[in-house]
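The block underneath contains the structure these notes are about, expressed in structure tokens.
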Amino acid sequence: MAARDLKSLYKEVILRHDREPFHYQKMEAADFVIEAYNPLCGDQFQLFLFIENEAVKQAFFHGYGCAISKAATSVLVKKLTGMSLAKIRQLVATYQGVVRTGQATDDAELAAFAGAQQFPERMDCALLTWAALDDFLQQANS
Amino acid sequence: MIDTNAIRQDFPIFSGQQLVYLDNAATTQKPASVIRAVHDFYTAKNATVRRSVYPLAASATQAYEQVRTEVQHFIGAVSPREIIFTSGVTEGINLVAQSFLAPRLKPGDEVLVSMMEHHANLIPWQQLCRQCGAHLRVIPINEQGELRMDLLPELLNARTRMLAIAQVSNSLGTINPIAAIVQLARRYKVPVLVDAAQSVAHYPLDVQALDCDFLVFSGHKMFAPSGVGILYGKAAHLAQMPPWQTGGEMIQSVTLETARFAEPPARFEAGTPNVEGAIGLGAAINYLNALDRKAVAAHLEALRLHATERLLAIAGIRIIGTAAQKTAIVSFTMAGIHPHDAATFLGEAGIALRAGHHCTQPLMDFFQIPGTLRASFTIYNTIEEIDYLIETIGAARRFFS
């Protein structure tokens, strides 16, 4: 087996988001609460979105998961704030490309998750809440 | 004591790589004798069984039936006709649920399981109860992860139609007092199924001494190939049970309108069986029989004690499952580090161990945790491997802090 570099999976920016997650609190009054759950490992997060005029005004999250899924959700929530739903769709597509195929991006926080390439068994951790948001946006579209 | 160095040399997987394999509750590695038995069968002996009369088929049939007899002796059954080849524990339990219990389960009846069951010994009963309007009752556990035996007499009653229980918990390592449980169940004439998946590799089994009605285990957790397992059933039960799956091999005579079914065990072995799996299972039983099984149990106990002591010396580690009677399965959590992050870190250091809920979600809910790290040991594991695990856990804590 080729040696894999743990530091490429657990980049400093990821460990920092895991330790100090952005907007990590329950907001029961949110307009939308999106549930993300991975039955294989039991990781579970809730996204709390306040939406106004087709844009996310505020976003928060809460739950339990590994460093990868928690940091990925923290980055997501940070990016969402103030973003239009159309822009968010683009963002989600870019991020999924980074995680799944190592697609290049100028955004250092998104690029940090390209390390999952080397650890395909941890890809679902990086995608967990992003995929739940993707489902939500697609339903909102239809 | 057993000679772990010699045992490790029996397992080819350890010769080609640095591997500290601590996921034996999930599946065990295979000794060369098992691999060779499967290889030899395909190389020189392959034919289907119980169909043809040419010499190759006759000797394949003989080898297959010989394993049935070896399994009978291995678990102390009265007759080889009580031994049914399955694909594993899951199939064995579903077979008993559908063929034995379903015809006799009425609305308001009860089925009893425990809080620590693997999903394989929970969901078949849960779904059958839902279909039949019966109630699934659950034997609670205490904080140590031991069955509340004091509550068992109240849970058994005249409506209880089945008690299904693991001999050893795959998540906690708890060894349950099966003989005492069967004795209590007898008072209400409740049949007992024992899930021996986690006990069969390490402890001698005697179904007559246990007096259980059914017992199931999988080959792959006892050094045999995947996809083969055993259902033991008392002959009197099997004789009354209708087929579960139908098709070739399980019939006596067939017309376009009707069929007469074969006697057990053939009645429950529809279709071409996993012949090479059975041959491999036979080789695994021979391998286990050649070990001093008292020494195996002593070795496991030494590993369990050492792992427990060293883990507890690390701040922030909590061991889940601290039963007085326990096998060498040690589940634990680490404060501040998610089980999957720890397992990835340990994996890169060459240590294979499982993180997650171990197919026991209700149990994890009881302990209010999403999952654990689980180190599960067997005959080829060593004290040095545990020391390496502890050292690497220290490195993981430094990495993630």
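The values are calculated or read from the model by the stated rules, or taken from the named source; none is laboratory data. Remember, it's a predicted structure, so these values are computed and weren't measured experimentally. Note: ideal-geometry Cβ built from the backbone for every residue, glycine included; neighbour counts use all protein chains shown. Side chains are part of the model used for accessible areas, which takes the heavy atoms of the whole protein and leaves out ligands, DNA and RNA. Shrake-Rupley method; radii C 1.70, N 1.55, O 1.52, S 1.80 Å.
Sort out the exposed loop trypsin sites (Lys or Arg not before Pro) in chain B (DSSP loop, at most 14 other Cβ within 10 Å) and tell me the longest stretch that has none.
Counting at most 14 other Cβ atoms within 10 Å as exposed, the longest clean stretch of chain B is B:190-401.
If Lys and Arg each add +1 and Asp and Glu each add -1, what is the summed charge of the other residues whose beta carbon sits under 12 Å from the beta carbon of B:P107?
+2
With θ set to phi - 60°, apply the Karplus curve 6.51 cos²θ - 1.76 cosθ + 1.60 along the range B:238-246 and write out the HN-Hα couplings as whole Hz, x wherever there is a Gly or Pro.
Karplus values, whole Hz, x for Gly and Pro: 4, 4, 8, 8, x, x, 9, 10, 10.
Provide the percentage of antiparallel DSSP beta bridges, counting only those with both residues in chain B; round to the nearest 5. Provide the component values of the computation, followed by the final result.
Details: 27 of 45 bridges.
Roughly 60 percent of the beta bridges in chain B run antiparallel, per DSSP.
Which FRET efficiency value, to the nearest 0.05, is calculated for A:E20 and B:F366 with the Förster distance at 35 angstrom and r the Cβ-Cβ distance?
0.65
Counting only protein heavy atoms and using a 1.4 Å probe, what share of the accessible area of the range B:40-98 belongs to carbon plus sulfur, as a whole percent?
Details: 1470 of 2660 Å².
Carbon with sulfur: 55 percent of the solvent-accessible area.
Residues with amide H under 5 Å of B:M162's amide H, sequence separation 5 or more or different chain, H placed in the peptide plane at 1.01 Å from N; which?
Amide H neighbours of B:M162: B:L112.
Once you keep just the Cα pairs under 8 angstrom separated by 6 or more residues, what percentage relative contact order results for the range B:219-378?
16
Tell me the GluC sites (Glu not before Pro) within the range A:35-99 that lie in a loop according to DSSP and have at most 14 other beta-carbon atoms within 10 Å.
Those that pass, being in a loop and sparsely packed, are A:E54.
Would you mind calculating the gained length between B:N46 and B:R398 on full extension (0.36 nm times residue separation, minus the Cα-Cα distance), in nm to one decimal? Show your work: numbers first, answer last.
Numbers: separation 352, 0.36 × 352 = 126.72 nm, distance 5.39 nm.
121.3 nm is the gain from fully extending B:N46 to B:R398.
Short version: ³J(HN,Hα) in whole Hz for each residue of the range B:155-171, in order, from phi by Karplus 6.51 cos²θ - 1.76 cosθ + 1.60 (θ = phi - 60°), x for Gly and Pro, what are they?
Result, rounded to whole Hz: 7, 8, 7, 5, 8, 6, 9, 6, 10, 10, 8, 7, 6, 9, 6, 6, 9.
Mind putting a number on the dipole of the range B:315-401 about its Cα centre? Charges go on the C-beta only, +1 for Lys and Arg and -1 for Asp and Glu, and I need it in Debye to the nearest 20.
It works out to roughly 240 debye.
Residues of A:66-73, mean number of Cβ from any other protein chain within 10 Å of their own Cβ, rounded to a whole number?
3
Output the antiparallel fraction of DSSP beta bridges having both residues in the range A:10-142, as a percent to the nearest 5.
95
Once the piece of chain linking B:C359 and B:A179 is laid out straight, how much longer is it, given 0.36 nm per residue of separation minus the C-alpha distance between them?
Working: separation 180, 0.36 × 180 = 64.80 nm, distance 2.53 nm.
Length gained, B:C359 through B:A179: 62.3 nm.
Please work out how much length the chain gains when fully extended from B:A6 to B:M149, using 0.36 nm per residue of separation minus the C-alpha to C-alpha distance, in nm with one decimal.
47.4 nm
Take A:L40 and B:A26, extend 7 Å from each Cα along the Cα→Cβ direction, and tell me the distance between the two endpoints in nm.
According to this spin-label approximation, the distance is 1.1 nm.
Taking 7 Å along the Cα-to-C-beta vector as the label spot, tell me the B:L291-A:Q138 distance in nanometres, rounded to one decimal.
4.8
Give me the accessible area buried between chains A and B, both sides summed, with a 1.4 Å probe, in Å² rounded to the nearest 100.
Result for this pair: about 1400 Å² buried.
When the Debye formula is applied to the Cα atoms of the range B:101-260, each taken as the same point scatterer, what base-10 log of I(q)/I(0) results at q = 0.10 Å⁻¹?
The Debye formula, applied to the Cα set alone, gives -0.40.
Roughly how far apart, in whole Å, are the Cα centres of the range A:48-98 and the range B:182-227?
Using only Cα atoms, the two centres lie 50 Å from each other.
What is the angle, in °, between the Cα long axis of helix B:293-312 and the longest principal axis of the Cα atoms in chain B? Nearest 10 is fine, range 0 to 90.
40
Starting from the Cα of B:R159, step 7 Å along the direction of its Cβ; do the same at B:Q126; then give the gap between the two resulting points in nm.
Result: 2.1 nm between the two label points.
By the scheme Lys and Arg +1, Asp and Glu -1, what is the net charge of all other residues having a beta-carbon under 9 Å from that of B:I165?
-2
So what is the 222 nm mean residue ellipticity for the protein assembly as shown from helices alone, if each DSSP H run of at least 4 adds -39500 (n - 2.57) and you divide by all residues, rounding to the nearest 500 deg cm²/dmol?
Calculated from helices alone, the mean residue ellipticity at 222 nm is -11500 deg cm²/dmol.
Hey, if you drop one equal point scatterer on each alpha-carbon of chain B and run the Debye formula without solvent, what base-10 log of I(q)/I(0) do you get at q = 0.06, 0.08, 0.09, 0.13 Å⁻¹?
-0.25, -0.45, -0.56, -1.13
Would any residue of the range A:106-131 have its amide N under 14 Å from a label point 7 Å out along Cα→Cβ of A:K78? List them or say none.
Taking a point 7 Å out along Cα→Cβ of A:K78, the residues of the range A:106-131 whose backbone N falls under 14 Å are A:107-113.
Hey, which of these cross-link pairs are over 22 Å Cα-Cα: A:K7/B:K30; A:K57/A:K87; B:K189/B:K294; A:K7/A:K70?
Long pairs (Cα-Cα over 22 Å): A:K7/B:K30; B:K189/B:K294.
What FRET efficiency, computed as 1/(1 + (r/R0)^6) with R0 = 35 Å and r the Cβ-Cβ distance, is obtained for A:L85 and B:Q245, rounded to the nearest 0.05?
0.10
Using θ = phi - 60° and the Karplus relation 6.51 cos²θ - 1.76 cosθ + 1.60, list the HN-Hα couplings for the range B:260-275 in order, rounded to whole Hz, with x at every Gly or Pro.
Once rounded to whole Hz, the list reads 9, 8, 5, 6, x, x, 4, 4, 9, 10, 5, x, 5, x, 7, 5.
In whole percent, what relative contact order does the range B:142-237 give with Cα contacts below 8 Å and a gap of six or more residues? Each step should come with its number before you reach the end.
Details: 130 pairs, mean separation 20.9, N = 96.
The value is 22 percent.
Are there trypsin sites (Lys or Arg not before Pro) in the range A:1-68 that DSSP puts in a loop and that have at most 16 other Cβ atoms within 10 Å, and which ones?
The qualifying sites are A:R4, A:K26.
Are there any trypsin sites (Lys or Arg not before Pro) in the range A:73-142 that are in a DSSP loop and have at most 12 other Cβ atoms within 10 Å? List them by number.
Those that pass, being in a loop and sparsely packed, number zero.
With axes computed from alpha carbons, what is the tilt in degrees of helix B:55-75 against the longest principal axis of chain B, rounded to the nearest 10 within 0 to 90?
Long axis of B:55-75 versus the principal axis of chain B: about 60 degrees.
For a Förster distance of 60 Å, can you work out the FRET efficiency between the beta-carbons of A:D31 and B:A349, rounded to the nearest 0.05?
About 0.85, to the nearest 0.05.
With charges set only on the Cβ (+1 for Lys and Arg, -1 for Asp and Glu), what does the dipole of the range A:1-115 come to about its Cα centre, in debye to the nearest 20?
Working: 13 positive and 13 negative charges, 53 e Å.
Charge dipole, the range A:1-115, about its Cα centre: 260 debye, nearest 20.
Using only alpha-carbon positions, what ratio does the radius of gyration of the protein assembly as shown give when scaled by 2.2 N^0.38 Å? Could you put the intermediate results ahead of the total?
Working: Rg = 26.2 Å, N = 543, 2.2 N^0.38 = 24.1 Å.
For the protein assembly as shown, the normalised Cα radius of gyration comes out at 1.09.
So what does the Cα-only Debye profile of chain A read at q = 0.11, 0.12, 0.13, 0.19 Å⁻¹, as log10 I(q)/I(0), no solvent term?
Scattering profile of chain A, log10 relative to I(0): -0.37, -0.44, -0.52, -1.12.
Considering only the protein assembly as shown, what is the antiparallel percent among its DSSP beta bridges, to the nearest 5? Write down the numbers at each step before the final one.
Details: 44 of 63 bridges.
If we restrict to bridges inside the protein assembly as shown, about 70 percent are antiparallel.
Amide H of B:S87 versus every other amide H placed in the peptide plane: which residues, excluding those fewer than 5 positions away on the same chain, fall under 5 Å?
Residues meeting the criterion, in which the H sits 1.01 Å from N, are B:G92, B:G229.
Where does the longest stretch of chain B lie that holds no GluC sites (Glu not before Pro) found in a DSSP loop with 11 or fewer other Cβ atoms within 10 Å?
Looking at chain B, B:258-401 is the longest stretch - no exposed GluC sites (Glu not before Pro) with at most 11 other Cβ atoms within 10 Å.
What accessible area per residue comes out for chain B, rounded to a whole number of Å², with a 1.4 Å probe?
Accessible area per residue, chain B: 40 Å².
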